[in-house]
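Where a number appears in this text, it was derived from the coordinates with a stated rule and is not lab data. Here the structure is a predicted model, which means the values were calculated and not measured. No Cβ is skipped: glycine too gets one built from the backbone with ideal geometry, and neighbour counts run over all protein chains shown.
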Amino acid sequence: MKKTTLFKQYLLAQDILTIPVAHDPLGAKIIERAGFKVLGCGGYANSAAFMGVPDIELLTLTNMVDCIWRMCDAVDLPVWVDGDTGHGNVTNVQHTVRQMEKAGAVSIMLEDQVSPKRCGHMSGKHVVPADEFIAKIKAGVDARKDDDFTVLARTDAIGVHGLDEAVERAHRAIEAGADWVFLEAPENLDQMRQIPKLVSVPTLANMIPGGKTPIVPAAELQSMGFAAVVWPNAFTYAYAKLATELAKELLSTGTTTSFDERMIKFDEFNELVGLPKIRENEERYYAPFEDADIKPV
């Protein structure tokens, strides 16, 4: 089965789809090994990991496509991706969709913020006119090669014009062909409970620790009616926290001994990144020449 088709089945299933976001292929492997069904590749996490900058659209399309194909190459999971504003007008949107689809993505999010955009939980957001947003959604839908490649329409209008405007934009995006919608940054549980009931397609919830939206467990989000939930920065925050503490410890003591139980071990790490399979594959090719002076490195 195509990964795009599999992702679509997960999205339409009764159980909520949990989408953890990785900021690099190693994180993607960890998420896959943990047993998740899908993986996310988002602008917030990759801006931090790829460039060490905040999510303010400094990450270019070329940068993001590079991040996507490396993650898609590292794991077998379907990978949902962040297309930001589409990196320009409708022509740029179509180029963005085609490049991300070629890189291996199964679904793309396109949003209505003014470029350069910012994380949806930052202050000072602005959105483009609704007609411009809908034109981008329509262009993105038309650009995909695989009909099962889904387009997620994201609107940040709640924080700019209010919930009613956000819902109206979502309705228009659905009419333009969006497969699912994301009304970013609801500010309370009442808004969250309303959103899935006000639209006719699957909806996404976004859980950012410290953000504007209350943190709600996946099971409760499912009961509200959300089809999927994304955790766009949890793994990045966890890495930053542990790495900060480790750096302080190493600088002050000159050793990492006190962190031994908080770090993966040598053999387990080699297993995680696939070293045993690589060695097994090498032996398969070298075996016919075992008496010759050819040895695996």
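What is the set of long-range amide H partners of ALA22 at a cut-off below 5 Å, with H atoms built 1.01 Å from backbone N?
GLY40, GLY42
Under a straight-distance cross-link criterion of Cα-Cα below 22 Å, which lysines are reachable from LYS117, leaving out those fewer than 8 residues away in the same chain?
Output for LYS117: LYS125, LYS136, LYS138, LYS212.
Fewest Cβ neighbours within 10 Å first, please rank GLU261, GLU282 accordingly.
GLU261, GLU282
Taking only Cα atoms, what is the 0 to 90° angle, nearest 10, from helix 25-34's long axis to the longest principal axis of the chain?
Here the helix axis deviates by roughly 90 degrees.
Could you sort 87-97, 144-154, 265-275, 207-217 so that the peptide with the highest average Cβ count within 10 Å comes first and the rest follow in order?
Those peptides, ordered most packed to least, come out 144-154, 87-97, 207-217, 265-275.
Return the lysines within reach of LYS2: Cα separation strictly under 23 angstrom, same-chain partners fewer than 8 residues apart disregarded; answer none if there are no such residues.
By straight Cα distance, LYS2 reaches LYS29, LYS37, LYS102, LYS145.
Determine the distance separating the Cα centre of region 102-178 from the Cα centre of region 47-69; give it in Å without decimals.
19
With the contact rule set at Cα under 8 Å and sequence spacing of 6 or more, what percent relative contact order holds for region 138-255?
Relative contact order here is 19 percent.
Would you list the P(r) distribution for region 67-215, with all Cα-Cα distances sorted into 10 Å bins from 0 and each bin expressed as a whole %?
Pair shares across the bins are 12, 42, 35, 10, 0.
With axes computed from alpha carbons, what is the tilt in degrees of helix 234-253 against the longest principal axis of the chain, rounded to the nearest 10 within 0 to 90?
It is inclined by approximately 50 degrees.
Would you mind checking which residues have amide H under 5 Å from VAL229's amide H? H placed 1.01 Å from N; only 5 or more apart, or other chain.
Distant-sequence amide H within range of VAL229: LEU17, THR18, ILE19, ALA205.
What fraction of the Cα pairs in region 215-269, stated in percent, has a spacing above 13 angstrom?
On the way: 1061 of 1485 pairs.
Of all Cα-Cα pairs in region 215-269, 71 percent lie more than 13 Å apart.
Radius of gyration and Dmax for the chain's Cα atoms, expressed in Å?
21.1, 76
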